[in-house]
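First the structure, in the form of structure tokens, and then the observations on it.
The values are calculated or read from the model by the stated rules, or taken from the named source; none is laboratory data. Remember, predicted model here, so these are calculated numbers, not experimental data. In this analysis, Cβ positions are derived from the backbone assuming ideal geometry, glycine residues included, and neighbour counts consider all displayed protein chains. For the accessible areas, the whole protein counts, side chains as well, though only heavy atoms, and no ligand, DNA or RNA atoms are used. Shrake-Rupley method; radii C 1.70, N 1.55, O 1.52, S 1.80 Å.
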Amino acid sequence: MSNLNSPSMGPGKKRKHEDTQNGASPPKRSRTDESNGPQEIQHSRDATSPHEKPRKKRASKQQKKEKRVREEQRRREVEEERMRAEQLQVEALGDPDPLVAENLAALPCSGADRPKHKNDRKKPKHAERQRAVSKSDDAEQAQTAGATQDHDEEILPPNDSESGKKAIRKARKEAKKQAKSAAALEVRSTHASTAAQRSTGTDDSHGATHQSGPTWMLSPSSAGGFINQDPVFATDDDGETFLISVTARDVQVLSLETSLAVRTYPAPVGQTIRCFTVLEDVVYITLKDATVLSWRWTGENEASPVRNTKSKIVAMASTLQGDEEAIPNLFYICRESKTENAILSDEQMLHTTAHHLHSIHILGNGMYVLAQSPTALVIGARSMDPKTPHDFAWIELPLEIKSSCVDARVSSVPASVKKASNKRPALQVAVGQCDGKIHIYDDLAPLFYRNEQHGLPSPRVLHWHRRAVSSLKFSTDGNYLITGGKETVLVIWQLETGKQQFLPHLTSEIERIAVNSASDRYAVQMGDNSIMVLNTSELKPVANFAGLQMLRTSGRTTTRLPGFPAATIHPRLPNQLLLSVPASQPKSKGEAVTRPFLQGFDIRSSRHITRQALTRNNVTDLSIGPEGRPIIPPDVKHIAISYDGSWLATIDEWTPPMSDLESFGSSRGDIKEQRTSRQEVYLKFWRWDDVQGLWTLTTRVDAPHARGPGHVAGAGRLHALVADPASNAFATVGKDECVRLWRPKTRTRHGVAVKNEANVDLVEWTCKRTIQLESGEERADSPLAFARAKKTSTACLAYAPDGSMLAAAQETGDDSSTPLVHFIDTAGGEVSTSIGLAAADIVALGFLDRYLIVTTRPAVYVWDLVADKLMYRLSLKPPHPEAKAPMLAVSERDGTFAIVSPDTKKTTKVQVFSPQSSECLDEHLFLRHLEAILAGQGAKGYTLLFPDATIRTLSPVSTGHVRTLSSAPAASIPQQGATAIEAAPAQEDTDMVDLVGSVQPAADSAEAPFVAEEREDDRPVVRPEQLADIFDSGSGALPPVLDMFRAVVGLYGRKPEVRPSVEVVV
């Protein structure tokens, strides 16, 4: 019985010994052997010899030892594979950040400190598994665990004692901890590696390069729009004044002397800035994830975290508190839920309300807190009791009319009066309302003295603005009030006399106003994403800061405009972006938005260059009709610039609103037909004026395309506008399924060229050729083969690199016909051939040397025009029903093309390919949509435009190897069946002198001299219909001879008549 109580005998052996003593046979057990698989072992007292049991024990030990060796070998193989993967990751990232390299080096080099098997996570409970661990294993395990620590550990004692068993268990626990810490370190290292990779600009994209040649680099985001918050004047230690403004992507310190950003702080990777506040030389920034950072704008490059809240922060303000030692104090407005808003001071909850607060003001070093919602004012006053200095008394004052902005100031109270009477300083508040009125409350401090609140006192009313007041600010001394709104007029009110001073005709509506501490500078932030700093004495601008002014659709409630924004890259200035922009950004849902202006923007320096109007607009005039409806200007749909940068072509459209045509019919169909028939479409040609630095209008063509077959009245919509890459010419395609080629000609009078005041020939543009396109062939199995003619929903054009060929395709949205690509000879103006190169409607075309890239919604086709074969086909992910069509951009400089396709409802994929191979050269997945992708003639890579008005460039980084395409003729056209129709020779007009040359100017020339195409024949042209009207009176008898003579002489003796659809601007 003493053996049963032996500490070395486990519970399993106790039961076996008892069964043997009683003469009973032990039960059968199933045991898994690593080498022979499962075996049923019968334990019997009679069948087992005294010498067989030690042999089985030795065999079991040998098998366990072999098992441990195999497991150790597998662990080492897995660890080596992991180390190779980490090495490949480091090589792919290039030179990693030192912190990343240090973390990678700190990872354990052996797998002994990690869990060996899933069963190893559980502690061994029986003695047999404890004895399975050999002394060498224990020593190796202890040595490996000690190698990952900062101090040396002693070798574990033998495991045959109780202390050895405890040491083994302790070592295994430490090994598990080391494994967990190593895994966490590996995750942090991976994040650090990702951050190091994204620091090159891939903050919202996941990129992968799949080529062994040149690598591609995605630049950081630039440009962007200013957030809806007042800019702040700040002064450095030297006394120089700066203006601090914030976009969604960075904080900018703007110099008033140079109108440039002298210092910027970019937002962390994957974050956007929601709001900010400035306190002396520190800028406090709130990010999208409710993290608050502090950045010393006078010299530091990095920001320090301040706090992190779970609630959404919508506004913040700051002040200094304390008499002896000033301590920064931050106030926030947090959106706790849809029906609860909170006001916080650092970590302390001050007040909660159901009103939707969106701005906060701190006055008198924290004496008052003023928060504004459209329907109420929430005011908090700090306790005057020195025992409770952090307590506030709060009142909520409802407003009868919705407010749009608010400002307040505190008048000083003498210290003796304040200490004697415990009186609060006066609180003066000005509220701008949505109806254009301004209510001024001289003092709201008495509201906190009353036992019962009686609401707001009677205000003083100022009214000049016709629409909502966008911003208002008190001057520092309180004598003036500066206001602004959608009227593009800055109004300065003298509060004592009520007199007004105006600064009219600003470039856009006023959104924000800031006043410096000396009241000698006003900063006016306008709706065109620009900030103007004015001198208060003369109201003249002393600095101007303008960003990219494109229509921002990110985070807006307005509906997107159909199609892509009108934008292009200047061919001679590859860093200059030209795009159509709105007068102001939309503010509410359903607001009509058009883009009547042209902006020139430098991509490299992120600077505004020029801005001018392309259509009629009412920016500085009354933009509201008699019935109170806004007057909508035309929208610029397409722009294109000539190969030498001297000519600009634009297309603008205007459709009357539905409300103006309600009297023409009761049904919606009748009103829609009237809108379409009264639509205005203009094709305008502009010439660059070096003296003025602007584009000057030379020709306006009314209704360049008709509405289509069966429609007599109305102008047809234009689907595409492209420029000839080799000469001064443009091509358009419209709803009438016609392609028109436009060329310039010099005006003449009596055989002499007409010149302007600068002694420059006057030039006008005319349609040289009109080519009718054929619709796709009906399929034989289509049930719609007998249907009426289809309407073209959109079309696309593309010039060959040498300008000798033009490819055109139409999209009808009908699957019953095969879409065709028409190849047009630009010299003869005829279709050379029309073939089907895709199975679906074509949305984009592009020439790249000898290749033609055809883009459809489901796929992209690359055709070799010389070999007349399909190189490859790229399948695209089926787009979301509301997604835009795929976009195509061709870069001739680096011989690639880029495809932009929607990946999901909220993501977009950008892929770069070479026409010679279907292997993807570069791929990026963006977590937002793209508005446009552009490729310039003189620069490599592509320019990406995003909805939040940010720009990024995707360009190749050369590694000493430049890929070039073959030099096959680009004008070669694939042959289909019989020999293609030869282009008829161009018929020379004997009355016109063709002066257009196809030779391009030298690349080093500053400006190519303009050569006009042809001189105008000033002899009158008499059509047969005009003569028929004279001689045919309709009654059967001829008119009087004298009348017929005068009519004929009037026809042949009249002055040269220009076609009614062309307007020449001198």
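Just one of the listed residues (Ile313, Ile285) is under 24 Å from Asn341 (Cα atoms), free of Cβ contacts under 8 Å to residues at least 40 places away in the same chain, crowded, with 19+ Cβ neighbours inside 10 Å and in contact with a Lys or Arg (Cβ under 7 Å, 6 or more places away or on another chain), namely Ile313.
Taking residues in segment 383-409 that are within 21 Å of Lys587 (Cα to Cα) and surrounded by 13 or more Cβ atoms within 10 Å (Cβ to Cβ), and partners anywhere that are of a type in the set (Ser, Thr, Tyr) and at pLDDT 85 or above, the pairs with Cβ atoms closer than 6 Å and at least 6 places apart or on different chains are Cys405/Ser471. Within segment 295-315, the set of residues being part of a strand (DSSP E or B) and within 26 Å of the chain's Cα centre (by Cα) comprises Trp295, Lys312, Ile313, Val314, Ala315.
Of the set (1) in a loop (DSSP other than H, G, I, E, B); (2) within 25 Å of Ser955 (Cα to Cα), all apply to Ala883 but (2). Taking segment 469-479 on its own, how many of its residues are charged (D, E, K, R) and either touching a strand residue (DSSP E or B) at 6+ places or on another chain (Cβ under 8 Å) or open to solvent by less than 10 Å² (accessible area, probe 1.4 Å) (or both)? Number of matching residues: 1.
Residues are listed down the side, and each one gets a yes or a no for (1) touching a residue at least 12 places away in the same chain (Cβ under 8 Å); (2) open to solvent by 60 Å² or more (accessible area, probe 1.4 Å); (3) more than 24 Å from the chain's Cα centre (by Cα); (4) within 14 Å of Gly432 (Cβ to Cβ):
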{"position": "His463", "(1), (2), (3), (4)": "yes, yes, yes, yes"}
{"position": "Leu481", "(1), (2), (3), (4)": "yes, no, yes, yes"}
{"position": "Glu496", "(1), (2), (3), (4)": "yes, yes, yes, no"}
{"position": "Tyr522", "(1), (2), (3), (4)": "yes, no, yes, no"}
{"position": "Met532", "(1), (2), (3), (4)": "yes, no, yes, no"}
{"position": "Asn535", "(1), (2), (3), (4)": "yes, no, yes, no"}
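Scanning segment 240-271 for residues that are small (Gly, Ala, Ser) and in a loop (DSSP other than H, G, I, E, B), which turns out surrounded by the fewest Cβ atoms within 10 Å (Cβ to Cβ)? That would be Gly270. Among the residues making up segment 671-689, those that are free of Cβ contacts under 8 Å to residues at least 24 places away in the same chain and open to solvent by 80 Å² or more (accessible area, probe 1.4 Å) are Lys672, Glu673. Sort out which residues of segment 738-764 are open to solvent by 50 Å² or more (accessible area, probe 1.4 Å), assigned to a strand (DSSP E or B) and among the aliphatic types (A, V, I, L, M), and write them in order of number. Within segment 738-764, just Val752 meets the criteria.
Consider segment 908-962 and keep the residues that are over 14 Å from Ala898 (Cβ atoms) and charged (D, E, K, R). The one that is most open to solvent (accessible area, probe 1.4 Å) is Glu919. Give segment 230-239 a look and list any residue that's open to solvent by 40 Å² or more (accessible area, probe 1.4 Å), modelled with pLDDT of 90 or more and not hydrophobic (A, V, I, L, M, F, W, C), or say none. Matches in segment 230-239: Thr235 only. Looking across segment 527-543, the residues that are assigned to a strand (DSSP E or B) and more than 21 Å from Val278 (Cβ to Cβ) come down to Asn535, Lys540, Pro541.
Each residue in segment 426-461 was checked for being assigned to a loop (DSSP other than H, G, I, E, B), in contact with a Lys or Arg (Cβ under 9 Å, 6 or more places away or on another chain) and open to solvent by 30 Å² or more (accessible area, probe 1.4 Å), and 4 of them qualify. Inside segment 865-889, residues that are in contact (Cβ under 8 Å) with a residue 60 or more places away in the chain and crowded, with 19+ Cβ neighbours inside 10 Å make up a count of 3. Any chance segment 935-943 includes a residue that's modelled with pLDDT of 90 or more, of a type in the set (A, V, I, L, M) and in a strand (DSSP E or B)? No, segment 935-943 contains no residue that is modelled with pLDDT of 90 or more, of a type in the set (A, V, I, L, M) and in a strand (DSSP E or B).
Considering segment 806-816, the residues that are more than 13 Å from Tyr851 (Cα to Cα) and buried (at least 19 other Cβ atoms within 10 Å of the Cβ) include one that is modelled with the lowest pLDDT, namely Thr812. So is Ala543 aliphatic (A, V, I, L, M), out of contact with any Ser or Thr (no Cβ under 8 Å at 6 or more places or on another chain), surrounded by fewer than 23 Cβ atoms within 10 Å (Cβ to Cβ) and modelled with pLDDT of 90 or more or not? The answer is no for Ala543. Looking only at residues of segment 340-372 that are part of a loop (DSSP other than H, G, I, E, B) and touching a residue at least 40 places away in the same chain (Cβ under 8 Å), we find that the one that is surrounded by the most Cβ atoms within 10 Å (Cβ to Cβ) is Leu357.
Residue-by-condition table, conditions (1) part of a strand (DSSP E or B); (2) farther than 16 Å from Gly716 by Cβ:
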{"residue": "Thr650", "(1), (2)": "yes, yes"}
{"residue": "Glu653", "(1), (2)": "yes, no"}
{"residue": "Thr676", "(1), (2)": "no, no"}
{"residue": "Tyr682", "(1), (2)": "yes, no"}
{"residue": "Trp688", "(1), (2)": "yes, yes"}
